[in-house]
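The values are calculated or read from the model by the stated rules, or taken from the named source; none is laboratory data. What you are looking at is a predicted structure, and each value in this text was computed from that prediction instead of being measured. Glycine gets a Cβ as well: all are built from the backbone with ideal geometry, and neighbour counts include every protein chain shown.
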Amino acid sequence: MPDPDSNRPGDGCPLDPNALFPLADYAPAAGTTADDRKRSSRKFVFSRALRTKGFKAAGETTERLHTFLLNEPEYTLLANHHEGDSSFAVLFDSSATWDIPGTANLVAVHLVRNQMWRTFDFDTAHLPMVALAQQWLVARGCPPEAIVLPPERATQPADQETTILETHLRTSPDRYTLVDHYTDDGGPFESWALLRDTHPESAGTPVRVFIEAADMNAGTYTLREGGFADEDGAREWLDGRPGPLPPALRTSRPGAASRPAVPPPSGASGPRR
């Protein structure tokens, strides 16, 4: 019987992911076409996407796994990554559209395997934006660059400002606290997130609103950020949309001049419903 600990980092030999999780266990069957592989790569199968073949859910994880798998046919795999005994994934949950209005339709999954006991535990979070799902995974050890969505699996950023803001969110796992969020997937296809920014440079406007708006015809989306002094002001703006998002100012040091978080493109106005 093979020693389940034989490839652990503490045994004096480098971790060999292929020895722990042979790729043959997850390879497509012979005769699979390129189109089949493309469809299969997006279909979410828990054991394949998170490499749990030969493992079982640990203890109380069994009940959570059963609940999670009830929606397995509704999940689409957007991105995943494996790092030692951890696996990370970002999923799209199509069942969210039938849930309570505003329910987030993105799911971040972090799974950890125990080689000695051949068990696994996992945790999940429903989040309103891909960048926030990635941020949640980065906070749990996933390299930021490893969980970026492949271009063919998602709509594309409409401009550089969107790309900059997404990268900022994805790579700032300890900076923001998610206070509230809402997803509208029936038109105008918009998600917003209300966050508290703990960084000193945002002390003047610590409450941030991020709005992601999708153009389904163009296959693109924009992400914008606004800054508010308090939650009441942010919620009042979200309820009424009286004008463009207030600029998200940053102050690099006490007494320094404030500056926009991201330089606005010329002629740009804030997102609207």
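A few points about this structure:
- Among the residues listed as ALA34, ALA79, ALA57, the single one being modelled with pLDDT under 90 and either of a type in the set (A, V, I, L, M) or outside the structural domain of PHE122 (by TED's automatic domain parsing) (or both): ALA34
- Some residue of the stretch 117-131 being part of a helix (DSSP H, G or I), under 26 Å from HIS199 (Cα atoms) and modelled with pLDDT of 95 or more: yes
- Condition check for ALA89: in the same structural domain as PHE46 (by TED's automatic domain parsing) and crowded, with 20+ Cβ neighbours inside 10 Å: yes
- Index of the failed condition, ASP121 passing every other in (1) touching a strand residue (DSSP E or B) at 6+ places or on another chain (Cβ under 8 Å); (2) of a type in the set (Asp, Glu); (3) surrounded by fewer than 16 Cβ atoms within 10 Å (Cβ to Cβ): (3)
- Qualifying residue in the stretch 211-219 (condition: within 14 Å of the chain's Cα centre (by Cα), surrounded by 15 or more Cβ atoms within 10 Å (Cβ to Cβ) and of a type in the set (Val, Ile, Thr)): no
- TRP136 being in a helix (DSSP H, G or I) and not assigned by TED's automatic domain parsing to the domain that holds ALA193: yes
- Matching residues in the stretch 94-109 - criterion: being part of a strand (DSSP E or B) and either farther than 15 Å from VAL45 by Cβ or of a type in the set (Phe, Trp, Tyr) (or both): GLY102, LEU106, ALA108
- Where LEU78 falls short, out of the listed (1) surrounded by fewer than 19 Cβ atoms within 10 Å (Cβ to Cβ); (2) in contact with a strand residue (DSSP E or B) (Cβ under 8 Å, 6 or more places away or on another chain): (1)
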